[in-house]
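What follows is calculated from the coordinates using simple rules that are stated; it is not laboratory data. For clarity, every value in this text was computed on a predicted model and none was experimentally measured. Cβ coordinates were reconstructed from backbone atoms using ideal geometry, including for glycine residues, and neighbour counts include every protein chain displayed.
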Amino acid sequence: MAKFLHIADVHLGFDRYSSKVRTQDFFHTLWDVFERYAIQQNVDFVAIAGDLFEHRMIQPAILNQAQLCLQQLQAAEIPVIAIEGNHDNCPYGTKTSWLRYLSDWGLLKLLEPGSDDTLYLPWNEKTKRGSYIDLDCGVRVLGASWYGAAAPKAIEQIATAIETLPTGPGSTVLLFHHGLEGQIARYSGALRYSDLLPLKEAGVDYLGLGHIHKHYTVDNWVFNPGSLEANNVDEASFERGALLVNIDAGQINAQLQTNYRQRPITRLSLKLRGHEALEDIEGLSLKTIDQAINQKRLFPDQQPIVELRIEGEVGFDRLELDTRSLQNLLQTYCNALIFLLKYEVDNVAYGTPLPDDADRHQIEREIFVDLLTANNVYKKRAQPLAAGLIELKDRQLTGDDEETLYTMVEQMLAAPPPTSSRASSDHSR
């Protein structure tokens, strides 16, 4: 029986949100996964199906993180087999990558297919080169490159090359960094299941994928663990983790492991109906957070990542809300490491139907009424204020001085709202 750990899309060096603590999260996650599911489970090997790093060019501290995690496995005598993904393959203009560097130093075995004539060569421990390796646990592991749009053609070549290889020790695992269609929305360039079938016919028992950050399996043959950490708040809902795999007499049992150190992410929403005042938004936002805490969806002591999406309609100029100040307040209130405020509202739409023969003065008056009615502060006085604005405009055009006009505006704003139901009509449509 063989036991191994299949991970992908680690993304060490993740630097979105400009948070050093968040970048460290990805290191701590990988360390914890190796400790729990490789060392404690005493696996025969670890397979990394691409994107160990977030960037092709990495900082020294990120390289050190990778080295520390891999040295942890090296001390436990657990070999690491890896392939390059689209994030960590050779930078443009160079012939090597940081995975090649780690392989040359013996911290992992980077499997790289060769040319068309010799696509698969056995691993040579002396040169630290090869495209497949036969392990003592009875598993042959084959590597693949990042092929992008050329993946379907590459699969045909790989399948042909596999059929020419000498008989392996038992089960065959192929690591392939690419996504399968239908697993997540808005993902172009994914492979069809039929594209993969030549590999099955060539004798691949376990197709270990990466690239898509969501866990999925197909026919107990295609396996994708997903990323270890969420790369954005949209991925918070994805099932993802590390696959602990047992192969016994050709039978595969792959179990997703998710009980390891991860930064919690909470997504909240606040729907506005258009009747709320500007000063109400802060209180409603705080209430939304309190509800999430009481419902055990948000845990301030864990310094979560929080997204609050404010949607709907507002009865004031949407730009009047100081979103930066509100975001800072809410981040402090719920002790979030990162707080994302999505303010996506529209102003309440008002419009009074006008007859086809309406003159300029009538159109002007109704436009003023509609604009005032759309504002919570002025909607109850929309009619008299509209009349006042028209008079103000006329008096300005006839040459009244600024002091007189300013006094008129003060008097208009100081006047109490009318009590007539007709005057307080909101003219909504």
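Could you line up 176, 238 from fewest to most neighbouring Cβ atoms inside 10 Å?
238, 176
Toward the positive end of the charge dipole of the chain, with +1 on the Cβ of Lys and Arg and -1 on the Cβ of Asp and Glu, the farthest Cα among 160, 315, 97 is that of 160. Annotation: extensible slack from residue 231 through residue 167 equals 19.0 nm (criterion: 0.36 nm per residue apart, minus Cα-Cα distance). Rounded to 0.05, the FRET efficiency of the residue 295 and residue 406 pair, given R0 = 56 Å and the Cβ-Cβ distance, is 0.60.
Could you give the dipole magnitude of region 265-347 about its Cα centre, charging the beta-carbon of Lys and Arg +1 and that of Asp and Glu -1, in debye to the nearest 20? The dipole of region 265-347 has a size of about 460 debye.
Where does the chain land at 222 nm, in deg cm²/dmol rounded to the nearest 500, when only DSSP H runs of n ≥ 4 count, each adding -39500 (n - 2.57), divided by all residues? Mind dumping the intermediate values first?
Numbers: 10 runs with 128 residues, N = 429.
Taking each H run of at least 4 residues, the total per residue is -9500 deg cm²/dmol.
Where the eigenvalues come from the Cα gyration tensor of region 26-82, what are the semi-axes √(5λ) of the equivalent ellipsoid, largest first, in whole Å?
20, 12, 10
In terms of its alpha-carbon gyration tensor, region 2-257 comes out rounded; the largest-to-smallest axis ratio a/c stays below the 1.5 threshold.
What percent antiparallel are the DSSP beta bridges of the chain, to the nearest 5?
30
For the chain, a Gaussian network of Cα nodes joined below 10 Å ranks 248, 401, 32 by mean-square fluctuation, and the top entry is 401.
Distances over 31 Å make up what percent of all Cα-Cα pairs in the chain? The answer is 55 percent, as a whole percent.
The alpha-carbon positions of region 265-347 define a convex hull whose volume is 76 Å³ per residue. Taking each residue as 0.36 nm, the span from residue 118 to residue 390 lengthens on full extension beyond its C-alpha to C-alpha distance by 89.4 nm. Straight-line reach from residue 342: which lysines have a Cα under 29 Å away, not including same-chain ones fewer than 8 places off? Answer for residue 342, where 29 Å is the Cα cut-off: 20, 214, 271, 287, 296, 379, listed by chain and number.
For region 219-320, the percent of C-alpha pairs falling in each 5 Å distance bin, counted from 0 to the bin holding the largest distance, reads 2, 10, 16, 14, 12, 11, 9, 7, 6, 4, 3, 2, 1, 0. Listed by chain and number, the lysines placed with their C-alpha closer than 30 angstrom to that of residue 126 are 3, 95, 109; residues fewer than eight positions away on the same chain are left out. For residue 120, the amide hydrogen comes within under 5 Å of the amide hydrogens of 114, counting only partners 5 or more places away or on other chains and with H modelled in the peptide plane.
Listing 229, 125 from fewest to most neighbouring C-beta atoms within 10 Å gives 125, 229. What FRET efficiency, computed as 1/(1 + (r/R0)^6) with R0 = 45 Å and r the Cβ-Cβ distance, is obtained for residue 239 and residue 96, rounded to the nearest 0.05? It comes to 0.80.
Placing pseudo-labels 7 Å out from each Cα toward the beta carbon at residue 200 and residue 74 gives an inter-label distance of 4.0 nm. The slack between residue 332 and residue 248, meaning 0.36 nm per residue of separation minus the straight C-alpha distance, is 25.1 nm. Assign one of three labels to region 101-169, namely rounded, prolate or oblate, based on the Cα gyration tensor with a ≥ b ≥ c the square roots of its eigenvalues; rounded applies when a/c is under 1.5, prolate when it is not and a/b is larger than b/c, and oblate otherwise. Note, shape of region 101-169 comes out oblate. Each residue in 10, 80 was given a count of other beta-carbon atoms within 10 angstrom of its own, and listing them fewest first yields 80, 10.
Among 219, 15, 290, determine the one that fluctuates most according to a GNM of the chain built with springs between C-alpha atoms less than 10 Å apart. With Cα springs under 10 Å in the chain, the top fluctuation among 219, 15, 290 is at 219. When both bridge partners sit in region 2-257, DSSP labels roughly 45% of those beta bridges antiparallel. For the chain, set up a Gaussian network in which alpha carbons nearer than 10 Å are linked by springs, and say which option among 395, 140, 261 fluctuates the most. Among 395, 140, 261, the largest GNM mean-square fluctuation belongs to 395.
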